[in-house]
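Here's the structure, in structure tokens; my notes come after.
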Amino acid sequence: MRFHLIDRIDACEPGRALRATKLLALGEEYLADHFPKCPVMPGVLMLQAVVEAASWLWRATTDYRHPVVVLREVKSVKYGTFMLPGRRMDVSVELTKQDGDTAVFRGKGTSDAGQQTVATQFVLRGYGLAARGPAGVAADAKLLEHWKARWVLLTGGLRSTGSGT
């Protein structure tokens, strides 16, 4: 199972902030188990949606310098209301600090009813695989192609400086 939780990027200011949308459909695979009689989006996936939005902001900010972006540290997480199928989660992230290949973000999710679902501060680290030899160089190229094509799908051609579009 592979998760791409952000369904749309609504706005992006590289180096500053990004707003995105997650539409929770009843057909999402993980809802069958969480929980069968009362399906709700798992808290860890709400967190992942925020981290995914920040990864897009980091890519736009660095002009895709890092083919691989990973979660390095979560400083705090606060959960609010449940996310139910048929609802929309508005995700917003801010880049608060950059230091080389790492960046600190603050992010939150809010239901379409205006209730907070998740709020967090965390650190992402970006890197490439090229140092691993020719296979790493090829993997970096393939990843960059994938991320740039996905950006176009998520933004519908949204223009922002440094976005790689």
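The values are calculated or read from the model by the stated rules, or taken from the named source; none is laboratory data. Quick caveat, the model's predicted, so the values are computed rather than measured. Note that each Cβ is placed from the backbone with ideal geometry, even for glycine, and that neighbours are counted across all protein chains shown.
Which condition does G27 not pass, out of (1) surrounded by 18 or more Cβ atoms within 10 Å (Cβ to Cβ); (2) without any contact (Cβ under 8 Å) to a residue 12 or more places away in the chain, if it passes all the others?
(1)
Quick one: which residue in V118, V91, V123 is of a type in the set (A, V, I, L, M), touching a strand residue (DSSP E or B) at 6+ places or on another chain (Cβ under 6 Å) and surrounded by fewer than 20 Cβ atoms within 10 Å (Cβ to Cβ)?
Criteria check complete, one pass: V123.
Here is a yes/no grid of residues against (1) of a type in the set (A, V, I, L, M); (2) under 19 Å from R8 (Cα atoms):
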| position | (1), (2) |
| --- | --- |
| L71 | yes, no |
| M83 | yes, yes |
| T96 | no, no |
| D101 | no, no |
| F122 | no, no |
| A135 | yes, no |
| A139 | yes, no |
| K142 | no, no |
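Give segment 98-124 a look and list any residue that's out of contact with any Leu (no Cβ under 8 Å at 6 or more places or on another chain) and closer than 16 Å to H66 by Cβ, or say none.
If the condition is that a residue be out of contact with any Leu (no Cβ under 8 Å at 6 or more places or on another chain) and closer than 16 Å to H66 by Cβ, then Q98, D99, G100, D101 are the ones that fit.
Could you please tell me which pairs satisfy a Cβ distance under 8 Å, a separation of 6+ or placement on different chains, a first residue in segment 65-89 that is outside any loop (DSSP other than H, G, I, E, B), and a second residue that is of a type in the set (F, W, Y) and at pLDDT 95 or above?
The qualifying pairs are V68/Y127; V69/W58; V70/Y127; L71/F122; R72/F122; E73/F122; V74/F122; K75/F122.
Given the conditions (1) outside any helix (DSSP H, G or I); (2) modelled with pLDDT of 95 or more, which single one is not true for R59?
(1)
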